[in-house]
1. Can you give me the distance in nm between label points at Asp35 and Val115, each placed 7 Å from the Cα along the Cα-to-Cβ direction?
2. Placing unit charges on C-beta atoms (Lys and Arg positive, Asp and Glu negative, everything else neutral), compute the dipole magnitude of the chain about its Cα centre in debye, rounded to 20.
3. Number of Lys-Lys pairs in the range 83-213 under 16 Å by Cα, sequence gap 8 or more or different chains?
4. Which of the peptides 117-130, 207-220, 139-152, 156-169 is most tightly packed, and how do the rest follow, going by the mean number of other Cβ atoms within 10 Å of each residue?
5. Return one whole number: the accessible area per residue of the range 213-254 in Å², for a 1.4 Å probe.
6. If you average the C-alpha positions of the range 52-117 and of the range 150-218 separately, how far apart do those two centres end up, in angstrom?
7. Once you have a ≥ b ≥ c as the square roots of the Cα gyration tensor eigenvalues for the range 184-272, tell me rounded if a/c is under 1.5, and otherwise prolate or oblate according to whether a/b is larger than b/c.
8. Given (1) 1.06; (2) 0.95; (3) 1.03 as candidate values of Rg/Rh (Cα atoms, Kirkwood Rh), which corresponds to the one derived from the coordinates?
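The values are calculated or read from the model by the stated rules, or taken from the named source; none is laboratory data. Computed from a prediction, not measured in an experiment: that's the story for all the values here. Here the Cβ positions follow ideal geometry from the backbone for every residue, glycine too, while neighbour counts run over all protein chains shown. We work out accessible area using only protein heavy atoms, side chains counted, and drop any ligands, DNA or RNA first. Shrake-Rupley method; radii C 1.70, N 1.55, O 1.52, S 1.80 Å.
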Amino acid sequence: MARTKSLRAAQVQTSVSTAFSSSSFATLFQGDCLDLLRSMPDASTQLVVTSPPYNLGKPYEKRGALEKYLAWQATVIDECVRVLAPKGSICWQVGNYVNAGEIVPLDIALYPAFVRHGLKLRNRIVWHFEHGLHCSNRLSGRHETILWFTKGDDYTFNLDPIRVPQKYPGKKHFKGPNAGKLSGNPLGKNPGDVWILPNVKNNHVEKTIHPCQFPVELVERLILSLTEVGDLVLDPFAGSGTSIAAALKNQRRGCGAELMPAYIEVAHARILQALNGQLPTRPMNTPVYDPAKAGRSLTTNSWSAPYPTSSQSPDQYRLLQERLAYQEAQ
């Protein structure tokens, strides 16, 4: 408790450093992540957590050949492994590379870049979300993955801080010496390796100008379970600063690199908010939004009307009539 209080006091007094220093509580480096990584000593960070560019041609990246992209990622991973502490973890959150409608799962493509260093995959965490691009020629993508690697068999893992509410908290043992007693853990259950968390879209409290921002809760689960108070959390692709801000929010140190000046400005503001306890977040374990609570306007099925309504376009009505004709023909 004393250590936590001293860290909180340091947060209020600490500014955001622009270059790595072992004494810095928060570091935001503007430039190539390789330059930041090469300035860091061996075994200096407990957790590397990031979501790199997917080679899709977003505003913050230049699209290139997949082989060239994977080679660049491997170089970054090499440096991340070098700066990782013996009991540390690397969490690489990725989706798919898409080329002419064909997808390449980046977690599969990048797996060899980690295991060649002897890292051990502990979980392939699936992050499921409900909103995103609607596809017409394939199923819409509604998940991404997090590869969690450790440097060795002796690693930091704290389950209790990330337990989630029991599905059946009143369940009891039905036989044996504990028959009739509650069978669950009073702190909650293991969250498993499928995490259902809303992605950061327009109405999300954490939304910034960054187009591919991941939620604070996603990285908080990793920080709370894989680090201790005061440990260093590194994000080589800092983006809007979520990983650094989440680290500071939970009394860890945060460090990251970002190339884009506009995102540096956003990340810097969010880091200062976290340092002062003012970071807007969606609280951990908040139930996923239920549209039924929004009123009838969102949940009433207007598609069942046998004639066009004001909310249906002619094309939508035509599709309904075609489906009805198909069903009647069966």
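1. Rounded to a tenth, the inter-label distance reads 3.6 nm.
2. 1160 debye
3. Qualifying lysine pairs in the range 83-213: 8.
4. Final packing ranking: 207-220, 139-152, 117-130, 156-169.
5. Per-residue value: 13 Å².
6. Result: 26 Å between the Cα centres.
7. Because a/c hits 1.5 or more and a/b fails to exceed b/c, the range 184-272 counts as oblate.
8. Computed from these coordinates, Rg/Rh (Cα atoms, Kirkwood Rh) corresponds to label (3).
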